[in-house]
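Asks: Let me begin by handing over the structure; questions about it come next.
The values are calculated or read from the model by the stated rules, or taken from the named source; none is laboratory data. Bear in mind that the values here come from a model prediction, so they are computed numbers and not experimental data. Neighbour counts are summed over all protein chains in view; Cβ atoms, including those assigned to glycine, are modelled from backbone coordinates with ideal geometry.
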Amino acid sequence: MARYELYGEDGTADREQCPRCGDTFLGEYGDRRHCGKCSYTEYL
């Protein structure tokens, strides 16, 4: 995914960042959000 697709026109991130890492975005997978770097998972 291109970097410009993660940010809105005003420069804010459209996706939620990982609370554990802080520098990666959480991937959205239907019923959960997952960080590929540290394996943090939030169930929705």
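Asks: Scan GLU42, GLU9, GLU5 and give me the residue that is modelled with pLDDT of 90 or more and among the charged types (D, E, K, R). Please lay out each step first, then the result.
Replies: Details: GLU9 fails: modelled with pLDDT of 90 or more; GLU5 fails: modelled with pLDDT of 90 or more.
Result: GLU42 is the single residue among GLU42, GLU9, GLU5 that is modelled with pLDDT of 90 or more and among the charged types (D, E, K, R).
Asks: Within the set of pairs 6 or more residues apart or between chains, which connect a residue that is in a loop (DSSP other than H, G, I, E, B) inside the stretch 12-28 to a residue that is surrounded by 11 or more Cβ atoms within 10 Å (Cβ to Cβ) and of a type in the set (A, V, I, L, M) with Cβ atoms less than 7 Å apart?
Replies: Once the first residue is in a loop (DSSP other than H, G, I, E, B) and sits in the stretch 12-28, its partners that are surrounded by 11 or more Cβ atoms within 10 Å (Cβ to Cβ) and of a type in the set (A, V, I, L, M) give ASP14/LEU6; ARG15/LEU6; ARG15/LEU26; GLU16/LEU26; CYS18/LEU26.
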